[in-house]
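Derivation of every value follows stated rules applied to the coordinates shown; laboratory data play no part. Since this is a predicted model, take the numbers as computed values, not measurements. Please note: Cβ atoms are built from the backbone with ideal geometry, for glycine as well, and neighbour counts cover all protein chains shown.
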Amino acid sequence: MMRMAGEDSIIILQAAPARIRNNDVHYPYRQDSDFLYLTGFREHDALLVMIPDDGDGKSMLFCRNRDPEREMWDGRMVGLEGAVSEYGMDESYDIKEAETRLRALLQDRDRIFHDLGRDPLFDQRLIGWLNEFRGEARKTYHAPEEIHALDHMLHDMRLYKSREELSAMKRAAKIAIEAHELAMQICEPGMNEADIHASLLHTFTRHECETSYVPIVGGGENGCVLHYIANNAKLNDGDLLLIDAGAEYDGYASDITRTFPVNGKFSSEQRDLYEVVLAAQAAAMAKAHAGNQWQAIHDAAVRVATEGMIDLGILKNSLEEELETDGYKKFYVHNTGHWLGLDVHDVGEYTIDGHSRELEPGMVLTIEPGIYIPPSEKNVSKVWRGMGIRIEDNVAITKDAPKILTGGLVKTPDDVEALMAG
Ligand code: GLY
Ligand code: MN
Ligand code: MN
């Protein structure tokens, strides 16, 4: 990171602010993913400064001093000593000194790496200092001339996962697999989506995980609502249940979707449509190899899903026609995947110079085809209406066969039924 920023530069990154939910209550704190990536530090009121050409490169963390009274309310703080001894910073300072010290550190630097727009008040102060420096008469230093976006560099690094990152992601996947398995095992008609939601969170939290996003637990036609998070409807005999839930371990996300029958037995139509989504996913997986383009995954899934929908009479035109006119998009509405990492929808470009990016070892992505037939869809036989099916797995690209991090979770209709019966 510091090598890429180069001499005479300074890197500045702020921790995510604590956010109020209502009155005296805060949202559970989640560190900014870039900050977490560079520091591992999980407290708010912190600022990272890096100076590449000072010795081997110097890292400084500005954070809160430990405060026994504060700790009595909120628990242990890392403090200035901990920032060095536990987080490997070269130096640490009280966050209260950040402005005066930062102002001095900026002088004589040519380039600042900082993401403008995340904190407008901070940006204003930063730009104010630069203007001050420029305006000062008889100054003995020069003012930085350029502010570069930090995220271009950082996000490209984050796209390629290290061995340690992959091991955290495997753990996040493992716990999510357990949570989905248990959900399938306990599910029965008459339960509420909330029962399943609670069970997922229970598995996550008792294994040192958080939920990497609010789980989607959609029974019946709720499975067609892509961002359904109400999770409070009764689960009916004969309906499918779509669960999209992932665990976050040590900051790293998993992101799994399974769709299964509430009563443990697929109807023949449910099985037919499910098999289409499964075949689409298999076709997409077959493209998840280093050297292939990112777009090939989506194209493969769309082609097989469209063929399948034509075979079932859900789409009425020829394959070429449906693909050319985007007819399939009525029921295949989202992309087939995204990068996965510290963010569920992780950072990293999908195209380079207008071309779909080539897959490379270390990249981790989801493959998640889905078909959703809205309950109000009059042009499709009643048997399909209100069916929403998605199957989502997490895949690490390697130089050989892709590693399916979530491959341990049942997926074929027979395996799902066997687990639910057992
Ligand atoms: N859970 C969000 C997604 O699947 O992209
Ligand atoms: Mn996803
Ligand atoms: Mn998902």
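Comparing L319, L241, L166, which has the greatest mean-square fluctuation in the GNM of the chain with Cα pairs linked when under 10 Å apart?
Result for the chain, Cα springs under 10 Å: L319 fluctuates most.
Just to confirm my numbers, what's the Cα centroid distance between region 331-401 and region 83-125 in Å?
Between the Cα centre of region 331-401 and that of region 83-125, the gap is 38 Å.
Once the convex hull of the alpha carbons of region 162-226 is built, what does its volume come to per residue, in cubic angstrom? Working shown, then result.
On the way: hull volume 5.9 nm³, N = 65.
Hull volume over Cα atoms, normalised by residue count, gives 91 Å³.
Which net charge results for the neighbourhood of N379, defined as the other residues with beta-carbon distances under 13 angstrom from its beta-carbon, given Lys and Arg at +1 and Asp and Glu at -1? Numbers along the way, then the final one.
Numbers: positive: K316, K330, K378, K382, R385; negative: E377.
So the surrounding residues net to +4.
Enter the mean projected area of the convex hull around the alpha-carbon atoms of region 235-322, in nm², rounded to one decimal.
On the way: hull surface 32.4 nm².
So the Cα hull casts an average projection of 8.1 nm².
What order do you get for S212, S254, S381, S9 when you list them from fewest to most C-beta neighbours inside 10 Å?
Sorted ascending by nearby Cβ count, the order is S381, S9, S212, S254.
Could you order peptides 39-46, 300-307, 244-251 by the average number of other Cβ atoms within 10 Å of their residues, highest first? Let's see the in-between values first.
On the way: 39-46: 18.9, 300-307: 22.6, 244-251: 24.6.
Highest-to-lowest ranking by the protection proxy: 244-251, 300-307, 39-46.
If I fit a long axis through the Cα atoms of helix 268-285 and take the longest principal axis of the Cα atoms of the chain, what angle between them do I get, 0 to 90°, rounded to 10?
Computed tilt is about 40 degrees.
Helix 193-205: angle to the longest alpha-carbon principal axis of the chain, degrees 0 to 90, nearest 10?
40 degrees
Which ³J(HN,Hα) values, rounded to whole Hz and listed in residue order, are derived for region 407-422 from phi using the Karplus coefficients 6.51, -1.76 and 1.60 in 6.51 cos²θ - 1.76 cosθ + 1.60 with θ = phi - 60°, glycine and proline given as x?
Karplus-based 3J(HN,Hα) across region 407-422 equals x, x, 8, 3, 8, 5, x, 5, 5, 5, 5, 5, 5, 5, 7, x Hz.
Please state the shape class of region 75-159: rounded when a/c is under 1.5, otherwise prolate if a/b exceeds b/c and oblate if not, all from the C-alpha gyration tensor. Working shown, then result.
On the way: a/c = 2.04, a/b = 1.39, b/c = 1.47.
Oblate, since a/c reaches 1.5 and b/c is not below a/b.
Would you mind ranking H152, H207, H180, H227 so that the residue whose beta carbon has the fewest other beta carbons within 10 Å leads the list?
Values: H152 13, H207 16, H180 26, H227 9.
If I rank by nearby Cβ atoms, fewest first, I get H227, H152, H207, H180.
Working from Cα positions, state the angle (0 to 90°, nearest 10) between the long axis of helix 294-311 and the longest principal axis of the chain.
Around 20 degrees separate the two axes.
Using a Gaussian network model of the chain with C-alpha springs under 10 Å, which one of L342, L48, L240 is most mobile by mean-square fluctuation?
Greatest mean-square fluctuation among the candidates belongs to L48.
Compute the signed sum of charges (Lys and Arg +1, Asp and Glu -1) over the other residues within less than 12 Å, Cβ to Cβ, of G388.
Details: positive: R385, R390; negative: E221, D239, D244, E377.
Local charge sum for G388: -2.
For q values of 0.22 Å⁻¹, compute log₁₀ I(q)/I(0) with the Debye formula on a Cα-only model of region 141-276, without solvent.
Each listed q corresponds, in turn, to -1.22.
Going by the alpha-carbon gyration tensor, a ≥ b ≥ c the square roots of its eigenvalues, is the chain rounded (a/c under 1.5) or, if a/c is not under 1.5, prolate (a/b greater than b/c) versus oblate?
The shape class here is prolate.
Classify region 279-319 as rounded, prolate or oblate from the Cα gyration tensor: take a ≥ b ≥ c as the square roots of its eigenvalues, call it rounded if a/c is under 1.5, otherwise prolate when a/b beats b/c and oblate if not. Present the calculation step by step, with values, prior to reporting the outcome.
Values: a/c = 4.87, a/b = 2.61, b/c = 1.87.
Here region 279-319 falls in the prolate category.
One quarter of the convex hull surface, Cα atoms only: what value does that give for region 332-413 in nm²? Don't jump to the answer; show the numbers that get you there.
Values: hull surface 31.7 nm².
Directional mean of the projected Cα hull area for region 332-413 stands at 7.9 nm².
What net charge do the residues around N317 carry, taking every other residue with its C-beta under 15 Å from that of N317, with Lys and Arg at +1 and Asp and Glu at -1? Don't skip to the end; give the middle numbers.
Numbers: positive: R303, K316, K329, K330; negative: E307, D311, E320, E321, E322, E324, D326.
Net local charge, N317 excluded: -3.
Considering the chain as a Gaussian network with a 10 Å cut-off on Cα pairs, which listed residue, H26, H345, H155, attains the greatest mean-square fluctuation?
Fluctuation is largest for H26.
With respect to the cross-link table entries K234/K329; K170/K411; K330/K378; K161/K329, which display a Cα-Cα separation exceeding 24 Å? If you can, show how the numbers build up before the last one.
Values: K234/K329 30 Å; K170/K411 18 Å; K330/K378 12 Å; K161/K329 32 Å.
K234/K329; K161/K329, as the Cα separations exceed 24 Å there.
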